[in-house]
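Shown next, in structure tokens, is the structure this report addresses.
The values are calculated or read from the model by the stated rules, or taken from the named source; none is laboratory data. Quick caveat: nothing in here was measured; it's all calculated off a predicted structure. Cβ sites come from the backbone with ideal geometry, for glycine too, and all protein chains shown count toward neighbours.
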Amino acid sequence: MRIVVLGAPGAGKGTHCSRIAEKYGVAHLSSGDILRRERAEGTELGRKAQSYMDSGTLVPDDLIVEMMSKATRAAGTAGYVLDGFPRTVNQAKALDESLDGQDGGIDIVVNLVVDDGVVVERITGRRSCPACGAVYHVKNMPPREDGVCDKDGVALVQRPDDTEEVVNNRLQTYYEQTEPVVEYYKTRRTVHDIDANEDADSVADIIFGRLDAVSRP
Ligand code: AP5
């Protein structure tokens with residue numbers, strides 16, 4: 001199955017894509033996580049991406065399209081869930097072109113819809129594990145032990161772009177460049193708008209219901 005999950009920063013893309021990957025056995029391809037790995041490894045791509053990520057603007061399309069083409073090609077035959085990609089209409093077009101003629105292309109597009117006020121509260125309270133990438137929230141989804149990952153016991157960190165100032169830039173970037181991607185898909189196929197303001201388990205149940213309806217036997 002090939003799944004696209006769209007949504008503003010903090011809408012819950014990473015949280016739900018990770019649950020989707022586990023339940024449906026697909027690869028979780030997060031453009032943000034791949035970029036952060038490239039940065040941590042000090043690669044040329046990581047160095048090029050750094051200033052864009054820290055300011056809350058988008059990394060140029062050509063770099064992202066090449067990076068995600070590599071990731072989708074390397075994904076197993078079970079398919080993948082795309083988290084944070086495509087993020088511009090040009091990226092969406094490039095994805096369509098790369099999938100042209102490939103077994104029906106994308107199976108489902110899910111759009112997580114969330115209020116701006118919820119975004120700021122979620123992002124400033126997010127903590128993540130630098131080792132395994134698990135995501136928590138200081139209030140909504142705290143780890144069992146304060147500041148420590150449940151899965152591997154590593155100390156949790158706050159992303160450098162999770163300050164209130166950068167979040168506002170990321171939201172502005174989202175409205176200018178990523179919301180048009182939702183419209184792009186809506187002119188071509190059904191887009192499953194899901195109210196993502198609710199608690200994570202309720203949102204996951206709705207998403208799973210939509211995916212079950214399209215999943216291949
Ligand atoms: P990226 O890492 O993709 O960041 P983002 O899109 O801003 O999304 P987030 O990771 O902040 O949020 P999310 O929706 O995954 O929410 P999460 O599940 O963590 O991108 C970072 C940067 O990389 C970009 O700014 C850009 O520079 C660059 N980049 C990446 N992709 C690119 C591309 N395609 N093109 C160009 N540049 C690109 O949840 C957030 C918090 O809320 C967590 O603490 C979670 O526990 C909590 N939470 C989630 N759901 C709920 C819920 N229902 N109820 C309560 N709490 C919840």
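Quickly run through region 75-84 and pick out the residues that are under 17 Å from Gly133 (Cβ atoms) and either part of a helix (DSSP H, G or I) or free of Cβ contacts under 8 Å to residues at least 24 places away in the same chain (or both). Reasoning before the result, please.
Pass one, region 75-84, residues under 17 Å from Gly133 (Cβ atoms): 75, 80-84.
Matches in region 75-84: none.
For region 178-193, what are the residues that are in contact (Cβ under 8 Å) with a residue 24 or more places away in the chain and under 15 Å from the mean Cα position of the chain (by Cα)?
Correct list: Thr178, Val181, Val182.
Based on this model, can you work out whether Ile64 counts as under 12 Å from the mean Cα position of the chain (by Cα) and either surrounded by 17 or more Cβ atoms within 10 Å (Cβ to Cβ) or within 7 Å of the ligand (Cβ to nearest atom) (or both)? Explain how you work it out, then say what you get.
Working: under 12 Å from the mean Cα position of the chain (by Cα): no; either surrounded by 17 or more Cβ atoms within 10 Å (Cβ to Cβ) or within 7 Å of the ligand (Cβ to nearest atom) (or both): yes.
The answer is no for Ile64.
Could you please find all residues in region 34-44 being surrounded by fewer than 19 Cβ atoms within 10 Å (Cβ to Cβ) and either over 17 Å from the mean Cα position of the chain (by Cα) or within 8 Å of the ligand (Cβ to nearest atom) (or both)?
So the first thing to find is which residues in region 34-44 are surrounded by fewer than 19 Cβ atoms within 10 Å (Cβ to Cβ), and the list is 37, 39-44.
Within region 34-44, Arg39, Ala40, Glu41, Gly42, Thr43, Glu44 qualify.
Quick one: which residue in Val166, Val181 is buried (at least 16 other Cβ atoms within 10 Å of the Cβ) and within 14 Å of Gly7 (Cα to Cα)?
Numbers: Val166 fails: within 14 Å of Gly7 (Cα to Cα).
Every option except Val181 fails the conditions.
Look through region 185-203, keep the residues that are assigned to a helix (DSSP H, G or I) and buried (at least 18 other Cβ atoms within 10 Å of the Cβ), and return whichever of them is nearest to the ligand (Cβ to nearest atom).
In the first step, residues of region 185-203 are kept if they are assigned to a helix (DSSP H, G or I); the result is 185-186, 200-203.
From the residues that got through so far, the ones that are buried (at least 18 other Cβ atoms within 10 Å of the Cβ) too are 185, 203.
Working: Tyr185: 15, Val203: 5 Å.
My answer is Val203.
Keeping to region 24-68, report how many residues are of a type in the set (S, T, N, Q) and part of a helix (DSSP H, G or I). Outline the logic, then answer.
Going residue by residue through region 24-68, those that are of a type in the set (S, T, N, Q) are 30-31, 43, 50-51, 55, 57.
Checking which are part of a helix (DSSP H, G or I) leaves us with 31, 50-51, 55.
Number of matching residues: 4.
What are the pairs with Cβ atoms under 6 angstrom where one residue, in region 8-37, is under 18 Å from Ala74 (Cβ atoms) and the other, located anywhere, is surrounded by fewer than 22 Cβ atoms within 10 Å (Cβ to Cβ) and polar (S, T, N, Q)? Sequence gap at least six, or different chains.
Hits for this filter: His28/Ser18.
For Ala21, indicate whether it is of a type in the set (A, V, I, L, M, F, W, C), outside any loop (DSSP other than H, G, I, E, B), surrounded by fewer than 21 Cβ atoms within 10 Å (Cβ to Cβ) and out of contact with any helix residue (DSSP H, G or I) (no Cβ under 9 Å at 6 or more places or on another chain). If you could, list the steps in order and put the result at the bottom.
Values: of a type in the set (A, V, I, L, M, F, W, C): yes; outside any loop (DSSP other than H, G, I, E, B): yes; surrounded by fewer than 21 Cβ atoms within 10 Å (Cβ to Cβ): yes; out of contact with any helix residue (DSSP H, G or I) (no Cβ under 9 Å at 6 or more places or on another chain): yes.
For Ala21, the condition - of a type in the set (A, V, I, L, M, F, W, C), outside any loop (DSSP other than H, G, I, E, B), surrounded by fewer than 21 Cβ atoms within 10 Å (Cβ to Cβ) and out of contact with any helix residue (DSSP H, G or I) (no Cβ under 9 Å at 6 or more places or on another chain) - is met.
Yes or no: region 162-169 includes at least one residue that is under 23 Å from Ile123 (Cβ atoms), at pLDDT below 95, over 17 Å from the mean Cα position of the chain (by Cα) and not in a helix (DSSP H, G or I).
Yes, region 162-169 contains a residue that is under 23 Å from Ile123 (Cβ atoms), at pLDDT below 95, over 17 Å from the mean Cα position of the chain (by Cα) and not in a helix (DSSP H, G or I).
Scanning for something touching a Cys at 6+ places or on another chain (Cβ under 8 Å) and not aromatic (Phe, Trp, Tyr), does region 100-119 turn up at least one residue?
The answer is no, given that none of the residues of region 100-119 is touching a Cys at 6+ places or on another chain (Cβ under 8 Å) and not aromatic (Phe, Trp, Tyr).
For residues that are part of a loop (DSSP other than H, G, I, E, B) and either over 22 Å from Tyr175 (Cα atoms) or modelled with pLDDT under 95 (or both), tally how many sit in region 85-124.
Of the residues in region 85-124, the ones part of a loop (DSSP other than H, G, I, E, B) are 85-88, 100-107, 114-115.
The next check asks that each one be either over 22 Å from Tyr175 (Cα atoms) or modelled with pLDDT under 95 (or both); those that pass are 100-107.
The qualifying residues number 8.
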